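Right, one structure below, let's go through it.
The values are calculated or read from the model by the stated rules, or taken from the named source; none is laboratory data. Bear in mind that the values here come from a model prediction, so they are computed numbers and not experimental data. Here Cβ is always computed from backbone atoms with ideal geometry, including for glycine, and neighbour counts include all displayed protein chains. SASA here: full protein model, heavy atoms, side chains in, ligands and nucleic acids out. Shrake-Rupley method; radii C 1.70, N 1.55, O 1.52, S 1.80 Å.
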Amino acid sequence: MAKIKSWEVSDSFWERVEPLIPKPQRDPNLTYKRKPGGGRKPMLPRRIFEAIVYVLRTGCQWKALPKEIYGSPSAIHAHFMRWMEAGFFLALWRAGLAEYDEMEGIAWSWQSIDGAMVKAPLAQEAVGRNPTDRGKKRGTKRHLLVDGRGVPLSLVVTGANRHDVTQLELVLVEIVIERPKDIEQHLCADKAYDGNPAKQIIVSHEYIPHVKARGEEIQEKSNNPAWKARRWVVEVSHSWFNRFRKILVRYEKRADTYTALLHMAAAIIAFRKVGIIYG
């Protein structure tokens, strides 16, 4: 069996997606008049979803969608906006985590947190000057919490000028599924999260903090080959997000549309962990 392309939607993936697709809602204050058989046939939900995945994976502009394959690009984008407002992409991420938890078990014991910069030349919300580039370029920061295998559990979007530690509390609050209370949980972070205020936040959320610089992990690994570095897992997860070309550079003007694309990428990462998408 040939391996499907990264932007193609397998039957097994669609089986998980289809029940979550928002149903069209009619305005109760309007009277609809339509002759039997009149008007265009509605777009198939699977074709709409496949088009959104294509945009996310390839990074093409919405208006550059192949019309001969997916139909009207403007209609696809309109459906994307409607689904976003209905909370579909967040629901898909939660569904992916639920299946991952059932099949593999979320690796709650060792979690990692970190932020990553993304260029955002057209953004008008959740954007700021990038401090790593002498404040010259506009950018966005993706704050991410992952489990021990790098699967995303929480995600917050801010301007690039927001320090990681300022979003620590929010990231821990925004975990999209319920944390278990009967498992000892460790939180690994780099020196950006150092200091008593950050430690108090971590402990208040019932984590055991492990804040280490990259050099410290390398040294510990050198001294003890059996020692397992864990903080780097979040960096691996950020690299997975960067494989989705639509979010590698943020061209979305609005914060909510960019966040919806991130939620969809997080869902695909979760489903892929249990072989739902690519087998």
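A few notes on this one:
- Model label sites at LYS5 and LYS191, defined 7 Å from Cα along the beta-carbon direction, differ in position by 4.5 nm.
- Over 23 Å (Cα to Cα) - which of LYS119/LYS199; LYS3/LYS273; LYS63/LYS119 fall in this group: LYS119/LYS199
- Ordering of 94-100, 11-17 by burial proxy (mean other Cβ atoms within 10 Å per residue, highest first): 94-100, 11-17
- Accessible area per residue in Å² at 1.4 Å probe, computed on region 50-158: 42 Å²
- The modelled label-to-label distance between SER204 and GLN25, using points 7 Å beyond Cα along the C-beta direction, is 3.5 nm.
- Net length available on complete extension from ASP256 to GLU99 is 54.0 nm, with 0.36 nm assigned per residue and the Cα-Cα distance removed.
- Under 16 Å from a label point set 7 Å out along the Cα-to-Cβ vector of SER109, the amide N atoms of region 165-187 belong to 180-187.
- Accessible surface comparison of GLU169, GLU206, probe 1.4 Å, protein chains only, largest first: the order is GLU206, GLU169.
- Label point of GLU85 set 7 angstrom out along Cα-Cβ; within region 45-77, amide nitrogens under 18 Å from it belong to 74-77.
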